[in-house]
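Asker: Here it is: the structure, laid out below.
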Amino acid sequence: MTTYADVQRRLDRGAVVLLDGAVGTELQEMGVPMDSTSWAAAALVTHPYTVRQMHEKYVRAGADIITTNTYASARHNLEPLGQLALTRELNLRAVVLAQEAVARAGRGRPVLVAGAVSNYGITTEGEPRGALHRYSPPRTAITAEQARVNLAEQAEILADAGVDLLLVESTGGMAHRRWILEACRATGLPVWLGFKCRQEAGDSTVRVGYSSATPLADGVRELKGEGSAVIALFHSSVDDTSAGLRILREAWSGPVAVYPEASREDYTAAHRDDTPNAISPEEYLAQARQWVAQGAQVIGGCCGIGVSYIRALREGLPASIPSGPRG
């Protein structure tokens, strides 16, 4: 039986580890509608076996780690659906579906399950709203205290259900990222800290989140000593990921993960099957090979980077990063 310690040993030796790809947009491709307040979490109620099948596809494509469909399944996401009483059940269900997928499709190959915890849908009272991304969900302000309670509850449920590690997936500013990190660390499980990053036209500084003014370098330095086993750049464009990777490698000497998105223009319930991604699986593989050459050890994908991309990575990525010390 493979444990997280085995994966950590692989990372310590310089091995390249394959994360899965998008959850929500892959479910959309499979015909599952998204919800504005719970994104793909609504599928845990309406399409649980499609969720399991989605995970199975990633396992068969060669992913070493798959991610639970819990990016938007905290209490504040489920309450608008009328599913508040099922907060524990639906998060547990998400983990069980991923575990079943590994058992059904893994054929004995070791695949770990990562629990996703995010700030999706959180706007705290008194917080400046800034420029919300055009795909941001409707938000009802809750207190900072309640947000932290909700995040801690979700992280604990995922840990109790048996995930192997927890992903801190914050697209917001540093306060939200710290709340998620604290909630995940409290479980005692290994934690991978994620940053969405962006570089705006006319500004050479790579910044944190959709609208935060915090430079990525400052954000990494602020939290790198907080016990994360891996630091990741996620849900960022390919170009922003490349720019952010250079900064991350300077600020952090540990293992690095990248799982960007495909820069589609329709990450909504109105997703169109005929809208092409901005990058093909072959082009993505070529870019991923460059990231590995720069020291990125965990490669996967976010919105739009689906099963065909992960299969291409499995077939085309080197087994390890170039020799030499990190940092």
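Asker: Among the residues of region 155-172, count how many are modelled with pLDDT of 95 or more, not β-branched (Val, Ile, Thr) and not in a helix (DSSP H, G or I).
Answerer: Matching residues across region 155-172 total 7.
Asker: Condition test on Leu92, is it assigned to a helix (DSSP H, G or I), at pLDDT 95 or above and surrounded by fewer than 21 Cβ atoms within 10 Å (Cβ to Cβ)?
Answerer: Here the answer is yes, as Leu92 does meet what is asked.
Asker: Do you know which of the residues in region 300-325 that are farther than 16 Å from Glu56 by Cβ and hydroxyl-bearing (Ser, Thr, Tyr) is surrounded by the most Cβ atoms within 10 Å (Cβ to Cβ)?
Answerer: Only one residue tops the list, namely Tyr309.
Asker: Could you look through region 112-154, keep only residues that are assigned to a strand (DSSP E or B) and among the hydrophobic types (A, V, I, L, M, F, W, C), and pick out the one that is modelled with the lowest pLDDT?
Answerer: Among those residues, the one meeting the criterion is Ile142.
Asker: Still on this structure: Just the residues that are assigned to a helix (DSSP H, G or I) and not basic (Lys, Arg), please, taken from region 173-186.
Answerer: Met174, Ala175, His176, Trp179, Ile180, Leu181, Glu182, Ala183, Cys184 - these are the residues of region 173-186 that are assigned to a helix (DSSP H, G or I) and not basic (Lys, Arg).
Asker: Could you check region 1-85 for helices (runs of 4 or more DSSP H) lying wholly inside it with 1 or more residues that are surrounded by fewer than 18 Cβ atoms within 10 Å (Cβ to Cβ)? Show your work before the answer.
Answerer: On the way: elements: 4-12, 24-29, 43-46, 48-61, 75-78.
Once the helices (runs of 4 or more DSSP H) in region 1-85 are filtered for at least 1 residues that are surrounded by fewer than 18 Cβ atoms within 10 Å (Cβ to Cβ), what remains is 4-12, 24-29, 43-46, 48-61.
Asker: In region 224-236, which residues are out of contact with any helix residue (DSSP H, G or I) (no Cβ under 7 Å at 6 or more places or on another chain) and free of Cβ contacts under 8 Å to residues at least 40 places away in the same chain?
Answerer: Hit for region 224-236 is Gly225, nothing else.
Asker: Give the residues of region 189-223 that are in a loop (DSSP other than H, G, I, E, B), touching a helix residue (DSSP H, G or I) at 6+ places or on another chain (Cβ under 6 Å) and β-branched (Val, Ile, Thr), sorted by residue number. Quick ask: steps written out before the conclusion?
Answerer: If we filter region 189-223 for residues that are in a loop (DSSP other than H, G, I, E, B), which is where we start, we get 189-190, 196, 199-206, 209-214.
This time we only want the ones that are touching a helix residue (DSSP H, G or I) at 6+ places or on another chain (Cβ under 6 Å), so: 189-190, 199, 206, 214.
Of everything in region 189-223, those that are in a loop (DSSP other than H, G, I, E, B), touching a helix residue (DSSP H, G or I) at 6+ places or on another chain (Cβ under 6 Å) and β-branched (Val, Ile, Thr) turn out to be Val206, Thr214.
Asker: In this structure, does Tyr71 turn out to be farther than 20 Å from Gln146 by Cβ, of a type in the set (Ser, Thr, Tyr) and within 18 Å of the chain's Cα centre (by Cα)?
Answerer: no
Asker: Name the residues in region 15-52 that are among the polar types (S, T, N, Q) and either closer than 26 Å to Val238 by Cα or touching a Gly at 6+ places or on another chain (Cβ under 8 Å) (or both), would you?
Answerer: Of everything in region 15-52, those that are among the polar types (S, T, N, Q) and either closer than 26 Å to Val238 by Cα or touching a Gly at 6+ places or on another chain (Cβ under 8 Å) (or both) turn out to be Thr25, Gln28, Ser36, Thr37, Ser38, Thr50.
Asker: Quick one: would you say Val292 is in contact with a strand residue (DSSP E or B) (Cβ under 6 Å, 6 or more places away or on another chain) and either at pLDDT 95 or above or in a helix (DSSP H, G or I) (or both)?
Answerer: No.
Asker: So if I check each of Thr214, Thr187, Thr241, which one is buried (at least 24 other Cβ atoms within 10 Å of the Cβ) and of a type in the set (Ser, Thr, Tyr)?
Answerer: Of Thr214, Thr187, Thr241, the one residue that is buried (at least 24 other Cβ atoms within 10 Å of the Cβ) and of a type in the set (Ser, Thr, Tyr) is Thr241.
The values are calculated or read from the model by the stated rules, or taken from the named source; none is laboratory data. The structure displayed is predicted, hence computed values, not measured ones. Positions of Cβ are generated from backbone atoms using ideal geometry, with glycine treated the same way; all protein chains shown enter the neighbour counts.
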